[in-house]
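Note sheet for the following structure.
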Amino acid sequence: MTDETTSSEIVVEPAPHAAWLPDCALAAPGRRRLAVRVPDVSEPRGGIAPPGSDNSREVVATLQGEVEHATTTHGGAVVDPDASPDLLLALSPEWSAPDGGTAPSGADDSSSEFRLARAGGRVTVTAATATALLHGWFHVVRLGEAAFAGPDADERHAPALTLRVLDHWDNVDVHPVMGQVERGYSGGSIFYAEGRVRDDLSRVTTYARLLAATGIDRVCINNVNVHAREARLLTDDLPDVARIAAALRPYGVRAHLAVSFAAPMTLGGLPTSDPLDDDVRAWWRAAADRVWATIPDFGGFVVKADSEGQPGPFAYGRDHADGANLLADAVAPHGGVVHWRAFVYDHTQDWRDRSTDRARAAYDHFAPLDGRFAENVVVQVKHGPMDFQTREPVSPVLAAMPRTRLALELQVTQEYTGQQRHACYLAPWWSENLGFRPSGEGDGGPAVRDVVAGRGPDPSAAVATARGGGIAAVANVGDDRFWTGHPLAQANLYAFGRLAWDPTLDPAAILDEWVGLTFAGPDGTVDARVREVLHAVLDDSWRTYESYTAPLGVGFMVRPGHHYGPDVDGYEYTPWGTYHFADRDGIGVDRTRATGTGFTGQYPAPWRDVYEDLATCPDELVLFFHHVPYSHVLHSGVTVVQHVYDTHFAGVERVRDTVAAWESLAGLVPDDVDARVRERLAEQLRSATEWRDQLNTYFVRKSGVPDAHGRTIY
Ligand code: GCV
C-alpha cells in the first residue's frame, strides 16, 4: 500500500471457503458438554514431549481451541473432565495400542491410533499422542449426532497406511511454462508468492486443519521438478521452510522437501554428485543435520531422479538403489524417510521405434533392485505404468518388489481428468487401484492396499515391520478461494485423505460424508435433495469423463503441453512415448509377449495371461494391451469403433444431465458455490462436446466405418 492509498482502495479478500469444516459441521459436538483431559502440566513436560514431536503442547492447544470454538459457536460448554462430559477427549501417553510395538523410521501408525468408547450416550476418545487425539476429535465431528447415538461401543481406529503424504508441485518462482504450481488448476501457491515463502502463512494452518480432519499428516511443500530457485529451500531458505513447518505443526502435519540429486554440485560446489563419493555422502549428511537442527519434526526428502530432465545416479553409472540409499543414510539418524519415485523413463524416445515401450520402464529400472533399498526408503510408484491416465492397468511394479517399501502415488490434481474444470470424482478410480489383487481377483490374495501397508505377497520382514510405504498423491490445492478451483474437486482431496486412512472405504460413502460436512445447514444436517443431487453429479463422474475422452485404455489424446482438451494425434509423433498407433485398419498398442513389447510379461499370473489374450483382456483396457481392427467385437458385443461413437454421444448427454441436476439446486446451496460450479459445468459441457466431435470425426475418417445409428459426425 502506498501513502496515497485511501481506505476505499483497500481490497478485502474473502476468507477461504470452509470446505468440509464449516462451523455448521461442528453442531453435534458443539452443542454438548465437552472436556479435554491432558496429563498434569505441572510435572516436567506433563508427560508431553517437546514441541516438534508428536505429543506437542501445540497440538493439545489446537485441540483445546477446536473444542472451545465448537461450543462457543453452538451453545455447548467446555467442562471439567470429571464433570461427566458428553465427550471426553483424553490424552493418555501411557495408553498404548495393542499392536503398538516398535516401528522403524517413518512408520508411525500406532502413534495415530485412538479409541472411541460410548456408554449411555457419553463418548470418551483416548489416544497416546496429541495428533491421534486430534484425529479422534475430527472423527466425532464427521459422525455428528451418530457419535452420541446408538448402542454402547468400544472401538479402536488406526490408519491402515503409515505414511499418508500430499505432494505439492508448487514452485517458489513462477516457472515460465508450468507457472507457480505445476499442473495446478487452483490459482497460485498457498506457500509461495513473488519468488519467496509467503509472509502470511495463516492459510497453511487452515489447510493443515482440513488435512488433519481427513487423516493426512505429511506434506511435501515443493515441486519434484526442483529448479535452481527451489533447490535453495534445502539451504539458504531453511528458515522459511521452518516457518512453513511451523504453520503446519499445530494440526500435527509434518513438512517434507523435494530435493535435487545434483544439490551437492549446484548448492555445495562439489565437482560430482556421485552417490558413492565420500564428499557427496558427507555433504548430504551435513545438509540433513542442518534441516533437522532447524525443524526437529521434519519428515524427509522426496526425489525425482533421472526423469524428465531431473538429475540422477545414472550420470555416474550408478543405479537408483545407490541414489536412494545415499539420501537414506543422511536422514536415518534423524528418523527421516526418503520417498524415491519410480517414475523413470526415456522422454526422448523415437516415435518410429515400436519396440521401446514407456509402460515397461519403471519395472525394468526398479524390479531388479528389490531388496537393495535401505529400510527408510520408500519407492513411490504411480498407480499405472504410464502417467495418471483416466484408465490404465495397475503398475506391475506394485507386484514385483516384496522386499521394498512401496508407496502408491495418485494424482488428486486433475491433470488428465479435466483440470478441475470438469467434475470428476476420482475416488472410485483410486479405489479400483487399491483393491486390485496382483494374484488374481478371485483368490482373495493381498490387494495393492495390502502391498502398500506392508502386507503384500511374501513381504520381507523389514517391509512388514515398517508396515510398507503407504500412499502419496499430488495435491490439487492453491490460493483459490475454493481451494481447488472447482468447488466439487474438494471431494477428491477429502476422499484421498479418507482412503489413505482406510483404503477399504466405499467411495460413495466417502462422498456422503463429504456432502454431510461441506453442505451442513445450521442444525448440522444436509437437505436430502442436496445429498441426492451431489451423488447424481459425482458418483459416476469419472466413468462419464472416461466415456467422452480417450477410449478403451489407450490414454492421452490430449493437447500436448497443457494436457487439456482433445488432440487425438497430439502426441503421436513426439518423443514422449505415448502413442496409439491408429491407422486405417485399427488402433491400440500391442504390449503382448507374442507379438508386441512384452509388457504383459511384467505381471504375475494370472494377469500376464489375462492381458495377453484378447479373449480375456477386459474391454476397458483392450487398446492399452492390443492393436485391434476397428471391427473387433468387444465383450460388450459392439465393435471398437461403434463403442467409440456410442460412449462419446452418451457421455455428452450425461454431462447435460449433470448440468440440469445441479441447476435444480438453485437456492439450496450457497450462491458463490453455485455460481462457480455452474461456470465450470458450462465449460465441461463445451469441452465434452468438443471431445465427442473430434474423437468421433477422427475415428470415422480413419476407419471409414459410419455410425450404426446415423448420428451427426463431421
Ligand atoms: C512434475 C507428468 C506431468 C509433469 C510431472 C510428471 C511427474 O509428466 O505432466 O508435469 O512433473 O508427470 O510426475 O514427475
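State the antiparallel share, in %, of DSSP beta bridges confined to segment 139-270, rounding to the nearest 5.
40
Where does the chain land at 222 nm, in deg cm²/dmol rounded to the nearest 500, when only DSSP H runs of n ≥ 4 count, each adding -39500 (n - 2.57), divided by all residues? Please list the in-between numbers first.
Details: 21 runs with 230 residues, N = 714.
Calculated mean residue ellipticity at 222 nm is -9500 deg cm²/dmol.
Just the number, please: carbon plus sulfur as a percent of the accessible area of segment 557-714, 1.4 Å probe, no ligands or DNA/RNA counted.
Details: 3630 of 6650 Å².
Carbon and sulfur atoms account for 55 percent of the accessible area of segment 557-714.
Name the shape class, rounded, prolate or oblate, that the alpha-carbon gyration tensor gives for segment 164-505, where a ≥ b ≥ c are the square roots of its eigenvalues, rounded holds for a/c under 1.5, and otherwise prolate holds if a/b is larger than b/c and oblate otherwise.
Values: a/c = 1.34, a/b = 1.05, b/c = 1.28.
Since a/c stays below 1.5, the shape of segment 164-505 is classed as rounded.
Please give the peptides 693-701, 213-221 ranked by average Cβ packing (other Cβ atoms within 10 Å per residue), highest first, as a rough proxy for protection. Don't skip to the answer; put the middle values down first.
Numbers: 693-701: 18.6, 213-221: 25.4.
The densest-packed peptide leads the list: 213-221, 693-701.
Please report Rg (one decimal) and Dmax (integer) in Å for the Cα set of segment 437-484.
16.1, 47
Once you have the Kirkwood Rh of the chain from its Cα pairs, apply Stokes-Einstein at 37 °C and 0.692 mPa s and quote D in µm²/s.
Working: Rh = 26.6 Å.
Diffusion coefficient, whole number: 124 µm²/s.
I'm a student and want to see the number: the projected area of the Cα convex hull of segment 342-401, averaged over all directions, in nm². Before the final figure, lay out each step's value.
Details: hull surface 19.1 nm².
If I average the Cα hull's projected area over directions, I get 4.8 nm².
If packing is taken as the mean number of other Cβ atoms within 10 Å per residue, what is the order of 670-682, 463-475, 343-355, highest first? Walk me through the intermediate numbers first.
Details: 670-682: 15.6, 463-475: 26.0, 343-355: 14.1.
Output ranking for 670-682, 463-475, 343-355: 463-475, 670-682, 343-355.
Percent antiparallel among DSSP beta bridges with both residues in the chain, to the nearest 5? Let's see the in-between values first.
Numbers: 20 of 62 bridges.
Beta bridges within the chain, antiparallel portion: roughly 30 percent.
Report, in whole Å, the centroid distance computed from the Cα atoms of segment 500-517 and segment 590-636.
Comparing the Cα centres of segment 500-517 and segment 590-636, I get a distance of 33 Å.
Consider a paramagnetic label point 7 Å from the Cα of V705 along Cα→Cβ; state which residues of segment 523-558 have an amide N under 15 Å from it.
551-552
Which percent of the accessible area of segment 164-505 is formed by carbon and sulfur heavy atoms (probe 1.4 angstrom)? Spell out each step's value before the answer.
Details: 4690 of 9640 Å².
About 49 percent, which is the carbon plus sulfur part of the accessible surface.
Taking 7 Å along the Cα-to-C-beta vector as the label spot, tell me the R156-H535 distance in nanometres, rounded to one decimal.
In this crude spin-label approximation the distance works out to 3.3 nm.
Sort out for me the Cα centre separation of segment 264-338 from segment 176-239, rounded to whole Å.
Segment 264-338 and segment 176-239 have Cα centres separated by 21 Å.
I'd like the FRET efficiency for A615 and T356, computed as 1/(1 + (r/R0)^6) with the beta carbon distance as r and R0 of 25 Å, rounded to 0.05. Spell out each step's value before the answer.
Numbers: r = 27 Å, r/R0 = 1.10.
Given R0 = 25 Å and the Cβ-Cβ separation, E is 0.35.
Whole number in Å², please: accessible area per residue of segment 164-505, 1.4 Å probe, ligands, DNA and RNA not counted.
Details: 9640 Å² over 342 residues.
On a per-residue basis, 28 Å².
Quick check: with the 1.4 Å probe, what order do K382, K702 take by accessible area, largest first?
Details: K382 15, K702 65 Å².
If we order K382, K702 from most to least accessible, we get K702, K382.
Quick one: check the C-alpha center-to-center distance for segment 662-708 versus segment 344-364, whole angstrom.
If we compute the Cα centre of each part, the gap is 33 Å.
Treating only the Cβ of Lys, Arg, Asp and Glu as charged (+1, +1, -1, -1), what charge dipole size does the chain show about its Cα centre? Round to the nearest 20 debye.
Numbers: 63 positive and 97 negative charges, 99 e Å.
Rounded to the nearest 20 debye, it is 480 debye.
Based on the mean of other Cβ atoms within 10 Å per residue, sort peptides 315-325, 572-582 so the most packed one is first. Each step should come with its number before you reach the end.
Values: 315-325: 19.7, 572-582: 17.6.
Per-residue mean Cβ counts within 10 Å order the peptides as 315-325, 572-582.
The values are calculated or read from the model by the stated rules, or taken from the named source; none is laboratory data. Everything numeric in this text was worked out from a predicted model, so none of it was measured. Cβ sites come from the backbone with ideal geometry, for glycine too, and all protein chains shown count toward neighbours. Protein only, heavy atoms only, side chains kept; ligands, DNA and RNA dropped before computing areas. Shrake-Rupley method; radii C 1.70, N 1.55, O 1.52, S 1.80 Å.
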